[in-house]
Amino acid sequence: MRRLVVGVALAIAGIAMTGCGSQSTMTPSARATLQTDVVAVRQAVGLRHVRRAHADLVRLQSDVRKLEADGNLSVPAGAKVVEAASVVQANLILITTTTTTTTTTTPLPPLKPPHKHNHEGRGVG
């Protein structure tokens, strides 16, 4: 599952590095900012630091909004970055989940001794 989180972080890196097509706008400074943010997310995920990864994702999303507001990043390109970051955020729990299985056995109650039939007192013949 960790591979999924890292894969999505890599997708963010791809968007940040190449933009989102000919109609999308991403200035070189926007690209550099997003690349820095993505590296931070990838490092945190790689080290399994959930809080740090969360903080880095919040910073990435904040930077996207600032870059859009300043005209350094188109809204469609920003939306793709935020969407990919949201998938990473939703999957952060996976990097802390373990696959260890614990088996618990409950002991059986002690066996009762077999019931003895008392034939005394029954006279035979």
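The values are calculated or read from the model by the stated rules, or taken from the named source; none is laboratory data. What you see is a predicted model, and the numbers here were worked out from it, not measured in a lab. A quick note on method: Cβ atoms are made from the backbone with ideal geometry, for glycine too, and the neighbour counts reach across all protein chains shown.
Do you know which of the residues in region 43-62 that are more than 14 Å from S86 (Cα to Cα) and free of Cβ contacts under 8 Å to residues at least 40 places away in the same chain is surrounded by the fewest Cβ atoms within 10 Å (Cβ to Cβ)? Applying the filter and picking the extreme gives R51.
Would you say D56 is over 15 Å from the mean Cα position of the chain (by Cα), at pLDDT 90 or above and part of a helix (DSSP H, G or I)?
no
Of all residues assigned to region 71-78, none qualifies as being under 16 Å from the mean Cα position of the chain (by Cα), modelled with pLDDT of 90 or more and not charged (D, E, K, R).
Kindly establish whether V88 is modelled with pLDDT of 75 or more, hydrophobic (A, V, I, L, M, F, W, C) and either more than 30 Å from T33 (Cβ to Cβ) or touching a Cys at 6+ places or on another chain (Cβ under 9 Å) (or both). No; evaluated as a whole, the condition is false for this residue.
Residue count for region 47-75 under the criterion of being touching a helix residue (DSSP H, G or I) at 6+ places or on another chain (Cβ under 7 Å) and not acidic (D, E): the result is 14.
Checked against (1) surrounded by fewer than 10 Cβ atoms within 10 Å (Cβ to Cβ); (2) at pLDDT 90 or above, K112 passes all but condition (2).
None of A44, A40 is assigned to a helix (DSSP H, G or I) and in contact with a Lys or Arg (Cβ under 6 Å, 6 or more places away or on another chain) except A44.
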